[in-house]
Amino acid sequence: MTTQVKPGIDGDKYVPYAERTGNESVVYFTRELSAEGLVKAYEQVNGNICGKVGVKLHTGEKNGPNIIPREWVKELMAKDLPGANIIETNTYYNDGDRYTTPQHRETLEVNGWTFCHVDILDEFGTGLLPVKGGKWFKNMSVGANLTNYDSMVALTHFKGHVAGGFGGSNKNIGIGCADGRIGKAWIHTTPGQPDQWDIVNEELMERISESTKASIDFFGKHVTYVNVMRNMSVSCDCEGLAAEPVVTPNVGILSSTDILAIDQACVDIVFAMKEEEHNALVERIKSRHGLRQLSYMKELGMGNDRYILIDLDNGGRRMTVQEAVQNLKPFVG
């Protein structure tokens, strides 16, 4: 079963900025792809992060080449998030390295996530969070340990995704906080049929977004978002060494307290690139109807798709998306 898509919200149709309506949020931008850049971006948006903090990070399959560098995250957590845990959940697919908790912990060791505690949220069970205003879910099943936290930092490697089109903060939370057996199955699979991945296109984007809403509603104002636009394969980090080669230029790091604004800004930056720079990633986003993530988040009241982009490298002045993609160098592995 697929959802009926209303005119104007098709997930393969890019909506230019001039055609959007509503309020603007603030998104910060730095070209500095380093630990220092990550710290700089995060410190703009950390005002409400307090108490016990979970850093929602995609830690990747074994030896994945594109995940956020561990030393960057280590420095960020040492400087700004002492005592925080990385938080993850087990996978729904069983042919990777993170299906069971023992497999997952071995993979964390291989990938170098050893400088702080990693809390596998569904290690000891699941819990339900309400989905306010959802059409697919009334509740979402998440790792039980999620509710042990007071604040969440979504630290996201922005890239493509085989099913979602792109993986930004929305996918990081919506799939990444849903537990591996129940929540992820609700998102991906129609009960009673054999295809584990039968839910696709607009319906999948809507289910992911409703799952995200359950988690960020739980944290309220105590959640913030950082997206790293580096090593942007069309593949997700869940594909590990099988990820498609990176052909899109590296860009920078963005941060915001608005999940829709930050994901929209990243998508806008990709679409603003030259044809030869962005064609693979744009094709992946459009072919999977991934833009429905953005329009549905707006419908759910999760944020604004209009924003003020602040250049942290030049005195905090307002900048355009076009300026963000000037003089990008092709990715070189």
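With a sphere of radius 15 Å drawn around the Cβ of residue 50, what net charge do the other residues whose Cβ falls strictly inside it have (Lys, Arg +1; Asp, Glu -1)?
-1
Count neighbours as other Cβ atoms within 10 Å of each site's Cβ, and list the trypsin sites (Lys or Arg not before Pro) in segment 14-107 that are DSSP loop with at most 14 such neighbours.
Listed in order of number, the matching sites are 52.
Would you kindly derive the ³J(HN,Hα) couplings of segment 158-167 from the backbone phi angles with the Karplus curve 6.51 cos²θ - 1.76 cosθ + 1.60 (θ = phi - 60°), listing them in order in whole Hz, with x for Gly and Pro?
Going residue by residue, I get 6, 6, x, 7, 5, 10, x, x, 9, x Hz, with x marking Gly and Pro.
Restricting to Cα pairs below 8 Å that are 6+ residues apart, what does the relative contact order work out to for the chain? Please round to a whole percent.
Computed over the chain, the figure is 27 percent.
So, in nm, how far is label residue 275 from label residue 117 when the simple model puts each one 7 Å beyond its Cα toward the Cβ?
Computed distance between label sites residue 275 and residue 117 equals 5.4 nm.
Grab the other residues whose beta carbon is less than 14 angstrom from that of residue 108, score K and R as +1, D and E as -1, and report the net.
Neighbourhood net charge equals -3.
Report the local net charge at residue 37: Lys and Arg +1, Asp and Glu -1, summed over other residues whose C-beta lies under 12 Å from its C-beta.
For residues surrounding residue 37, the net value is -2.
Between segment 280-323 and segment 107-148, how many Å separate their Cα centres?
Each part's Cα centre sits 26 Å from the other's.
What is the order of 50, 116, 266, fewest Cβ neighbours within 10 Å to most?
Final ranking by Cβ density, sparse to dense: 50, 116, 266.
What is the magnitude of the charge dipole of the chain about its Cα centre, with +1 placed on the Cβ of each Lys and Arg, -1 on the Cβ of each Asp and Glu, and no other charges, expressed in debye to the nearest 20?
The dipole magnitude comes to about 540 debye.
Counting only C-alpha contacts under 8 Å and six or more residues apart, can you give the relative contact order of segment 39-135 as a whole percent?
Here the relative contact order equals 30 percent.
No value in this document is a laboratory result; all are computed from the given coordinates. Please read these numbers as outputs of a predicted model, since none were measured by experiment. Cβ coordinates were reconstructed from backbone atoms using ideal geometry, including for glycine residues, and neighbour counts include every protein chain displayed.
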